[in-house]
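Below: one structure, written as structure tokens.
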Amino acid sequence: MFYLPEGVIYLDGNSLGPTPAAVAEKVRACITDEWGEMLITAWNRAGWMDKPRALGDRIGRLIGAEPGTVVLGDTLSIKVYQALAAALDLRPDRKVVLSDTGNFPTDLYMAEGLIRTLGRSHELRTVAPEEVEAAITPDIAVLMLTEVDYRTGRKHDMKRLIEKAHAAGALVVWDLAHSAGAIEVDLAGSDADFAVGCTYKYLNSGPGGPAFIYVAPRIAERVKPALSGWLGHEAPFAFDLGYRPGAGIERMRVGTPPILQMAALEASMDIWDRVDMADIRARSIELTEAFVKAVEATCPTLTLASPRDPEARGSQISFRHPEGYAIMQALIARGVIGDFRAPDILRFGFTPLYTTMEDVSHAATILGEIMRDNLWDRAEFKTRAKVT
Ligand SMILES: Cc1ncc(COP(=O)(O)O)c(C=O)c1O
């Protein structure tokens with residue numbers, strides 16, 4: 001189903017998914033048969049203009065979203081900004097955005113930029129992840145969280161926090177970057193307001209693949225888009241001078257969608273369409289449990305940074321070590337690819353569509369050898385590259 005280079009154990013699909021076996025042919029066909037033969041008529045004849053919604057529905061099935069509530073486009077940072085701006089606009093009398101210190105920096109940076117642009121003295125309040133629930137007070141406008149912590153894999157209790165936030169009169173924005181395709185998510189069943197996520201991790205759309213955004217149908221018609229681009233207009237091809245938002249989720253579109261990248265995503269969704277997230281989750285737990293057990297048995301100096309309870313984490317396992325960067329480089333040199341997150345996290349993603357139990361045990365054996373013989377302790381493994 002996926003191509004992986006010979007001799008590589010890939011435990012980084014939580015950062016960049018590998019290529020689906022059919023992706024080259026799918027993108028080639030899009031280039032030659034659609035772009036090549038149909039030229040601009042492909043926007044209609046090949047259905048290009050409808051793809052952000054069509055693909056949104058296919059992703060929606062994996063995250064418990066009703067059909068017609070998810071749309072693709074832009075990058076996740078942009079989608080965070082859009083969702084937060086829309087949510088703040090729906091709570092005009094409140095001034096606090098609550099988030100946690102485990103959130104991905106871009107989410108916090110985008111919130112800072114939005115607050116500056118609004119110029120209405122909003123406050124971005126961050127607390128430790130385990131303190132979020134207690135920090136939901138009646139002055140909170142929006143609770144903005146990443147469900148699964150990118151560093152440790154710790155998972156928030158989505159349903160419970162939404163209930164708590166709603167009871168306090170706040171709206172919630174979820175970043176599902178490490179959830180979509182990794183764990184079961186039930187947006188509709190949890191009464192979620194807004195959710196955003198990327199497609200280049202577990203969903204394998206390739207580097208720079210488009211992000212997605214979900215808005216609950218009960219609020220979508222009240223959303224006033226901050227990024228009021230022409231493709232979110234009610235009638236883009238009327239070319240009116242004034243902006244009128246499109247129906248429901250359509251208004252969260254901004255500009256021209258990335259057609260080639262969406263063709264790549266289609267190759268992956270052809271696989272995901274046949275998958276039950278409950279099966280993926282069950283297998284992911286087996287894989288992560290086996291990895292923790294094997295690594296702890298052979299690497300006493302590595303400290304588990306992920307929750308021990310598999311129900312309390314996503315589909316990744318992280319270990320801490322002061323020399324984490326060099327250890328990861330030594331692992332990559334031996335064909336086991338994970339990644340490093342500052343200051344000291346070795347991060348491993350588990351993706352049941354292509355990770356086997358054999359991969360898990362080989363990876364743990366190699367890590368054990370590297371730690372036992374200090375194979376990481378070489379100058380070449382200590383020079384930091386631009387991307388870690
Ligand atoms: C939780 C989370 N949010 C946002 C991003 C980045 O978003 P973008 O697609 O804009 O680079 C990442 C990237 O890894 C992420 O892990």
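Remarks
- Summary of the geometry: the range 292-360 and the range 162-192, compared by the centres of their Cα atoms, lie 27 Å apart.
- Computed helical MRE - 222 nm, the chain, DSSP H runs ≥ 4 contributing -39500 (n - 2.57), nearest 500: -10000 deg cm²/dmol
- For the chain, a Gaussian network of Cα nodes joined below 10 Å ranks Ser315, Ser15, Ser190 by mean-square fluctuation, and the top entry is Ser190.
- Cα→Cβ-extended label distance, 7 Å offset, between Ala167 and Thr301, nm: 4.7 nm
- Placing unit charges on each Cβ (+1 for Lys and Arg, -1 for Asp and Glu) gives the range 254-388 a dipole about its Cα centre, and among His362, Ala385, Ile317 the Cα reaching farthest toward its positive end belongs to Ala385.
- Considering only Leu39, Leu176, Leu227, the mean-square fluctuation computed in a Gaussian network model of the chain, springs between alpha carbons under 10 angstrom, is largest for Leu39.
- Most fluctuating residue given options Ala330, Ala85, Ala21, as computed from a GNM of the chain linking Cα atoms under 10 Å: Ala21
- Given charges at beta-carbon only (K, R positive; D, E negative), |dipole| of the chain in Debye: 760 debye
- Mean accessible surface per residue for the chain, computed with a 1.4 Å probe while every protein chain stays in place, in Å²: 42 Å²
- Annotation for the range 182-258: GluC sites (Glu not before Pro) lying in DSSP loop with at most 13 further Cβ atoms inside 10 Å of their Cβ are Glu221, Glu234.
- Against the chain, whose longest principal axis is taken from its Cα atoms, helix 324-333 shows a tilt of about 80°.
- GluC sites (Glu not before Pro) within the range 2-105, DSSP loop, no more than 11 other Cβ atoms inside 10 Å: Glu6
- Rounded percent of accessible protein surface that carbon and sulfur make up, the chain, 1.4 Å probe: 55 percent
- Computed from Cα atoms, the angle from the helix 76-89 axis to the main principal axis of the chain rounds to 50 degrees.
- Rg/Rg_globular for the chain, with Rg_globular taken as 2.2 N^0.38 Å and Rg from C-alpha atoms: 1.01
- In this simple spin-label approximation, Asn44 and Arg384 carry label points 7 Å from Cα along the Cα→Cβ vector, and these lie 5.4 nm apart.
- Longest exposed-site-free window of the chain, the sites being trypsin sites (Lys or Arg not before Pro) in a DSSP loop that have at most 13 other C-beta atoms within 10 Å: 1-119
- Of all DSSP-defined beta bridges confined to the range 29-159, some 10% are antiparallel rather than parallel.
The values are calculated or read from the model by the stated rules, or taken from the named source; none is laboratory data. Computed from a predicted structure; not experimentally measured. Positions of Cβ are backbone-derived with ideal geometry, glycine not excepted, and every protein chain shown enters the neighbour counts. Note: accessible area is taken over every heavy atom of the protein model, side chains too, but ligands, DNA and RNA are not part of it. Shrake-Rupley method; radii C 1.70, N 1.55, O 1.52, S 1.80 Å.
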